[in-house]
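Notes to accompany the following structure.
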Amino acid sequence: MSTERRLATWLQSKSADERRVLLERTGFVSEEGVNPRALARLLLQYHVTLTMIGECTLPQSQALSAVAWLAARRHGGLTGYWHTMDPSTRAVPRTDVIDLLAGTDQGLRADAKATLDDLSEMALVLPPHGKQVVVALGLHVALADSAGLGRPAAELLTAHFNAPEVHRIAAELGFPKAGTREGAQRNVLDMLSDPDRVRALLTGAPASVRDHLDTVIRHGSRVLSHVYEGAYDYSPNPKIRFREGGSGDQDTDWLARRGLLLPSGAEDVAEVPIEVATAVLGEPRMPFTPRPPQPPADLPPAPQADGSAQAAITAAISQIERLLAVCAEQPLALRKSGGIAVRDTRRAAKAAGTSEETARFWLDLAAQAQLLAPHAEPVERPKGYRGRLPDPVVTLLPTGAYDTWLGRAPAERLVPFITTWAGVLPPGGQWPVALTAPDDPYAVGARYALFEALAALPPGKGGDTLPYLLACATWHRPHQVAGPPDTADQLTAILREAELLGTVATGTLTDAGRTVLDLLRSGQAWTPVEERLASALTGMLPAPQATAVFQADLTAVVRGIPTGELAALLDESADRESEGHAVVWRFSAATVRRALDAGHDADELLTRLAAVTTAPLPQPLEYLIKDVGRTHGRMRVVRSGCCVRSDDETLIDELARTRALAKLGLHKIAPTVLISSVGERETLAGLRSAGYTPVLEDETGAAVIERPSQRRAAPS
């Protein structure tokens, strides 16, 4: 039976949820049931294999590398990406894999067996799961050189040295000069292939040399060194020679002169041959690290983690609300080259009371969460025009999901942003433009690895743990956490984003962060997750406030997060002034007029505000609302072309003489009527900017309630 059919049979024995998790690990998702035969075929493809390797921990990767290394020694190397052979033809004995990883250490052998079992459940070790270990062909290609054991000395000498270097090593080992390169190389290989002679040679070496060699062998058999120089890459003579004057490191030079360290073929990288590693270790051994690094023992307490997380969540909810409101009221323009213009991002950030960097972060997540989407305004063709129409203007508008999102409790509004962040790629690099294409395919794995590292910290401990986090995150996702020097920058950026979302505070996981990690570990789809995450967020926040404290300085203060209804009322009739543990709104004549324009009258507005106050409304606020209410609508802008009318003839005369209104071209055609030379919108705006409070009137004489139209984009 072929490996594909065995794998399909094994998948058939799994539940639908288990098959779905396996499919998601390949980078694909499906709303329908997963066909076992199709999934088996997919799991054996080269590019899918590479994707699944990214999900491996360090010991799992080491075990797969051991399988690939043993198969290369037993069956020969495998190059290229496409092969028709069955993976079972490159099987290796399970006991050999365990021996290579653990030797005779019974504890390590148990860990190695458990690691192979885990890989079987991940479908990286393939059925029949017996005495032979079978893996997909792509693993043999990708991992054969990553075992960290070094290649045979004969291969390295032949590939990288000319005759003079081989003769030089033979002379250093004490051999008389041979007549040919072959003779000299044979002497060197005879020496290196004899473990007793290698150990005797090392016995006479300085202790620092022995320590250096042992360190290199136990960390993958390769080391950065300047001991060699010569041509690399595409040179017609890619042979390597010893660098004049040595490498600058006496221990490395000692090993290289005697052939215990040879060129790897990569520039400035030397390699310990497998024969030397075997002589030092007593048997071929691969690095095997079954346990993650432990946190430092002297970690300081995480100061005020709960308070910091609460403040972050409160700020996040408020900033996101205001950013999306900006997109609804004055949509952000999308550039033809992609992304949001820096000018529009700056405007949105200012309106939301946050930095441009944070605004870009929220806008990207909102678009990924389908709360925002591009919308192309249709261009109407003028009557009789047959030429090419201009390209439509594309803006960023809320989708229909935004209206549902607004109706949710405050904690629930943050849920789609956290789940989206945990499972999608970030935008590209440091480019200061929101909504650009992602360029870090490993970010999701790095986030998971960082959360695992944070979860291992003792309860209540945190602080500056970046060195530990680097090591632990690399253990959890060695193929997805960037290598030095980018790792620290990558993890620092992830920590900053996690703190904005309230999943990390003062260097430790919050309840929301632990919930996210549990869900990532289980591989659950995000559909049932929202309740658990919303519950965790709700537990971290005080109850939403349905009342405000109104003060004589015309401010209203809500201590905590306001309910949606309270925030909507205050946003309609006042301007937000500051945020944090408390949100402050300020009333003014302009904000009250805005509320009256939206259809309220003064008495109704006072009644609604009185219903959400903890004490009687201050007299200055009552006077302000009543004063604006008295003057509101004393003049009417009529749609026919347009004109301004008022029963107050004195007011009409005043308007006609006001210099600030000259651009409207107002002319008195009756004691109570002015005609304007511009349209109704421009007339309304001009009067309001001059401090007046007109209302719009239709042709029947009825006041028009001015509410901004709610345009929505279709989800992309």
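Computed from the coordinates by the stated procedures, all read-outs in this text should not be read as laboratory data. Since we're looking at a predicted model, the values are computed, not measured. When we count neighbours, we look across all protein chains shown, and the Cβ atoms used for this are built from the backbone with ideal geometry, even at glycine.
Between the C-alpha center of the range 488-515 and that of the range 166-231 there is a gap of 48 Å. Calculated on the Cα set of the range 453-600, radius of gyration then Dmax: 21.2, 61 Å. Packing here is the average count of other Cβ atoms within 10 Å per residue, and on that basis the peptides 555-568, 168-181, 243-256, 354-367, highest first, run 354-367, 555-568, 243-256, 168-181. The lysines within cross-link reach of Lys131, meaning a Cα-to-Cα straight distance under 27 Å and a gap of 8 or more places when in the same chain, are Lys14, Lys113.
Name the shape class, rounded, prolate or oblate, that the alpha-carbon gyration tensor gives for the range 330-371, where a ≥ b ≥ c are the square roots of its eigenvalues, rounded holds for a/c under 1.5, and otherwise prolate holds if a/b is larger than b/c and oblate otherwise. Cα axes put the range 330-371 in the oblate bin. Against the empirical curve 2.2 N^0.38 Å, the C-alpha radius of gyration of the range 549-630 lands at a ratio of 0.99. The ellipsoid that matches the Cα gyration tensor of the chain has semi-axes, each √(5λ) in whole angstrom, of 71, 27, 26, with the longest given first.
The calculated FRET efficiency for Val379 paired with Asp648, based on their beta-carbon distance and R0 = 41 Å, is about 0.40.
Once backbone amide H atoms are built at 1.01 Å from N, Ala505 has Thr510 as its partners under 5 Å, excluding neighbours fewer than 5 places away on the same chain. At full extension, Asp196 and Ala171 could sit 7.1 nm farther apart than now, given 0.36 nm per residue minus the alpha carbon distance. By the beta-carbon count within 10 Å of each Cβ, the least crowded to most crowded order of Thr506, Thr104, fewest first, is Thr104, Thr506.
Per residue, the chain reaches -14500 deg cm²/dmol at 222 nm when only DSSP H runs of four or more residues are counted, each adding -39500 (n - 2.57).
Rounded to the nearest Hz, the phi-derived 3J(HN,Hα) couplings of the range 183-189 under the Karplus curve 6.51 cos²θ - 1.76 cosθ + 1.60 (θ = phi - 60°) are x, 5, 5, 4, 5, 4, 5, where x marks glycine and proline. From most to least packed by mean Cβ count within 10 Å, the peptides 201-213, 53-65 give 53-65, 201-213.
The string of couplings for the range 511-516 from the Karplus curve (6.51, -1.76, 1.60, θ = phi - 60°) is 4, 5, x, 5, 5, 4 Hz, one whole number per residue in order, with x for Gly and Pro. For the range 549-630, averaging the sequence separation of C-alpha pairs within contact (under 8 Å, six or more residues apart) and dividing by the residue count gives a relative contact order of 34 percent.
Within straight-line reach of Lys239, meaning a Cα separation under 23 Å, sit the following lysines at least 8 residues removed in sequence or on another chain: Lys177. Amide H to amide H distances under 5 Å link Ile240 with Phe161, Asn162, where only residues 5 or more positions off or on other chains count and H is placed in the peptide plane.
For the chain, the relative contact order comes to 10 percent (Cα pairs under 8 Å, sequence separation of at least 6). When a/c reaches 1.5 or more, the comparison of a/b and b/c decides; with that in mind, is the range 153-281 rounded, prolate or oblate per its Cα gyration tensor? Because a/c hits 1.5 or more and a/b fails to exceed b/c, the range 153-281 counts as oblate.
Along the range 320-334 the Karplus relation, 6.51 cos²θ - 1.76 cosθ + 1.60 evaluated at θ = phi - 60°, assigns HN-Hα couplings of 5, 4, 5, 4, 5, 5, 4, 5, 6, 7, 9, x, 7, 7, 9 Hz to successive residues, with x for each Gly and Pro.
Normalised by 2.2 N^0.38 Å, where N is the number of residues, the C-alpha radius of gyration of the range 649-695 stands at 1.01. Does the range 22-162 classify as rounded, prolate or oblate by the C-alpha gyration tensor (a ≥ b ≥ c root eigenvalues; a/c under 1.5 gives rounded; else a/b over b/c gives prolate, otherwise oblate)? Oblate. A crude spin-label estimate for the pair Asp391 and Ala690, with each label 7 Å from Cα along the Cβ direction, gives 4.1 nm.
If R0 is taken as 45 Å, the Cβ-Cβ distance between Arg532 and Ser208 corresponds to a FRET efficiency of 0.25.
For the range 100-119 versus the range 332-391, the inter-centroid distance based on Cα atoms is 55 Å.
Close amide H pairs (under 5 Å, H built 1.01 Å from N) link Ala582 with Gly560, residues at least 5 positions away or on another chain. In straight-distance terms, cross-link reach from Lys336 covers every one of the lysines whose alpha-carbon lies under 16 Å from its own, apart from those fewer than eight places away in the same chain; here that gives an empty set.
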